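Quick notes on the structure that follows.
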Amino acid sequence: MNAPVPPAEALRSRLATLLDGLPPKQASQAVDRLISTYRGTTPTHTPILRDRADVAAYAAYRMPATFEAAHTALEELAAATPDWTPTTHTDVGGGTGAATWAVSATWPGPREVTVLDWAEPALALGKELAATNPPLREATWQKARIGKSLTLAPTDLVTVSYVLNELAEQDRTALIDATATAAQAVVIVEAGTPAGYARVIEARTRLIAAGFHIAAPCPHNAPCPITPGTDWCHFSARVSRSSLHRKVKGGSLPYEDEKFSYVAATRFEPAQAPAPARVIRRPQIRKGQVLLDLCEPDEQLRRTTVTKRHGDLYKAARDADWGDTWPPPTAQP
């Protein structure tokens, strides 16, 4: 019997055939318009994805990166809640369903999945893509207006990936409040920009006020110590790029780094204590030392220097990556 194909590999394989028959110029034009829209700051009151060409271009352009960012955030949630597995999942504004693929990669096995989006072409293609991923074959793909009128059925997990940027402030607030009412756990991912970080912090604040506990990335439930306008908290996920992906995005490298901001929160107390600290910048490796920028549990940002005299901790620092907890359990000082 053949071993199951990992979701990331299955998704890449399926995307490789997605633009067959679509004229390259049409795909490029759709990608250019989508890039302009997603980088904009004005909320939209109509679906961004208008037709099959838009959706195919979007899937090739965004699904691999959205998958990796969401998967990174979900893995951090799973690490904080090792005895918990969601049996129901609602992906709000899920479009073609990248976050549902990420959930199936984090917690393999069947579950009840619902994808809500206001763009019917995105839902149709998402369902088509999901046919190659067994846990998603029975998913429900439902048209819904994401905003003040949204109501959500009770569910274990709600994901909201790259959606808040499309909404006006009132709709963002309504969406976060609806997720807090319906879910046991919430994962929100936005672009790793100052504006994306601000939207994540806004959502984080509302979730805490609703009684949620921060599972990741923050080592505390207190206000973010970053002074607004001076910096922003974001992370990076490495994205493997297929030949199709490179063609659509106009790049030549076999990978790219997706910058994103996120928050993972739970209605219940996470089984694992919050991270002792979180590496919030790419570590700087110097001769005989490593500089780590950390967000710490006393609500402070600090730079710490780890040198060779720290022994195993120094080895761990050299292996540390942006977004990791610090220190790792195997290298406690």
Along region 74-90, Karplus-curve 3J(HN,Hα) (6.51, -1.76, 1.60; θ = phi - 60°) to the nearest Hz, with x for Gly and Pro, reads 5, 5, 5, 4, 4, 5, 7, 10, x, 9, 10, 9, x, 9, 9, 9, 10
Here D for region 171-233, in µm²/s, from Stokes-Einstein with a Kirkwood Rh over Cα pairs at 20 °C and 1.002 mPa s, works out to 175 µm²/s
Which net charge results for the neighbourhood of residue 328, defined as the other residues with beta-carbon distances under 13 angstrom from its beta-carbon, given Lys and Arg at +1 and Asp and Glu at -1? -1
Arranged from highest to lowest average of other beta-carbon atoms within 10 Å per residue, in what order do the peptides 293-301, 279-287, 59-67 appear? 59-67, 293-301, 279-287
Derived scalar couplings ³J(HN,Hα) [region 176-188; Karplus, 6.51 cos²θ - 1.76 cosθ + 1.60; whole Hz; x for Gly, Pro]: 5, 5, 5, 5, 5, 6, 8, 9, 8, 9, 10, 10, 10
Could you please report the charge total around residue 292, scoring K, R as +1 and D, E as -1 over all other residues with beta-carbon less than 13 angstrom from its beta-carbon? +2
Which loop trypsin sites (Lys or Arg not before Pro) in region 111-219, with loop taken from DSSP, have no more than 15 other Cβ atoms within 10 angstrom of their Cβ? 137, 145, 148
Which GluC sites (Glu not before Pro) in region 131-182 pass both tests, a DSSP loop state and at most 13 other beta-carbon atoms within 10 Å? 138
Long-range amide H partners of residue 141 with built H, under 5 Å: 115
Label residue 170 and residue 17 with points 7 Å out from Cα along Cα→Cβ: what is the distance between them in nm? 4.6 nm
For the pair residue 124/residue 305, report the inter-label distance in nm, with labels modelled 7 Å from Cα in the Cβ direction. 6.2 nm
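Since every read-out is calculated from the coordinates, none of them should be taken as a lab result. Note that this is a predicted model, so its numbers are computed, not measured. Virtual Cβ from ideal backbone geometry, glycine too; neighbours counted across all protein chains shown.
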